[in-house]
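*Asks:* First the structure, then my questions, so here it is.
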Amino acid sequence: MEQTIREVFISNYDELPVRLGKAVVIEDREIAVFRLTNGNVKAIENKCPHRGGVLSEGMISGEHVFCPLHDWKINVNDGLVQAPDKGCVQTYKTRIEGNQVYVELPQ
Ligand code: FES
């Protein structure tokens with residue numbers, strides 16, 4: 001069966017700090033939103049697969065976030081934990097329209 005997608009407004013673009021995360025709660029999901037230096041906005045699950053570190057509080061470098069607890073490095077495009085560690089977080093597509101940023105969620 002095809003999965004239905006819905007878009008939810010998360011923030012104004014100009015209110016997202018560059019290279020700093022922002023935590024957004026939508027229903028039962030906590031999402032970490034990052035505005036990268038290249039202007040893109042990325043959204044991933046706000047929970048490190050290691051021991052639940054809050055990724056929106058991590059350091060951003062390029063297209064990776066470093067977990068604030070034990071420094072695991074996670075790609076914000078595909079959610080993959082970088083070697084030597086292993087795991088992944090859920091990623092969400094984002095869309096920017098004018099000054100508004102939306103995230104796609106499964107129905
Ligand atoms: S909880 Fe994220 S690296 Fe340990």
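*Asks:* Given the C-alpha centroids of segment 45-88 and segment 1-44, what is the distance between them in whole angstrom?
*Replies:* The two parts, judged by their Cα centres, are 15 Å apart.
*Asks:* Here's another thing I want to ask about it. Could you give me the ³J(HN,Hα) list for segment 15-26, computed from phi with Karplus coefficients 6.51, -1.76, 1.60 and θ = phi - 60°, whole Hz, x at Gly and Pro?
*Replies:* 9, 8, x, 6, 6, 10, x, 9, 8, 10, 9, 10
*Asks:* With r defined as the distance between the Cβ atoms of residue 107 and residue 15 and R0 fixed at 41 Å, what FRET efficiency is calculated, to the nearest 0.05?
*Replies:* Calculated value: 0.95.
*Asks:* I'd like the Karplus ³J(HN,Hα) series for segment 79-95: coefficients 6.51, -1.76, 1.60, θ = phi - 60°, whole numbers in Hz, and an x wherever there's a Gly or Pro.
*Replies:* Listing the rounded values in order: x, 7, 6, 8, 4, x, 8, 9, x, 7, 10, 5, 10, 10, 6, 10, 9 Hz.
*Asks:* Counting DSSP beta bridges in the chain, what percent are antiparallel, to the nearest 5?
*Replies:* The answer is about 95 percent antiparallel.
*Asks:* Another one. What residues have an amide H closer than 5 Å to that of residue 64, excluding those fewer than 5 places away on the same chain, when H is modeled at 1.01 Å from N in the peptide plane?
*Replies:* Excluding prolines and chain starts, which carry no amide H, the hits are 76.
*Asks:* Run the quick spin-label model on residue 28 and residue 63: label points 7 Å from Cα toward the beta carbon, then report their separation in nm to one decimal.
*Replies:* Using points 7 Å along Cα→Cβ, the separation is 3.2 nm.
*Asks:* Something else: Let me know the shape class of the chain, please: from the alpha-carbon gyration tensor, a ≥ b ≥ c as square roots of the eigenvalues, rounded when a/c is under 1.5, otherwise prolate if a/b is greater than b/c, or oblate.
*Replies:* It is oblate, given that a/c is not under 1.5 and a/b is not larger than b/c.
*Asks:* Of all the stretches in the chain, which is the longest one without any exposed loop site, taking GluC sites (Glu not before Pro) in a DSSP loop (any state but H, G, I, E, B) with at most 11 other Cβ atoms within 10 Å?
*Replies:* 28-107
Here, each number is a calculation from the coordinates, and none is a lab measurement. As the structure is a prediction and not an experimental result, all values here were calculated from the model. Heads up, the Cβs are rebuilt from the backbone with ideal geometry, glycines too, and the neighbour counts pull from every protein chain shown.
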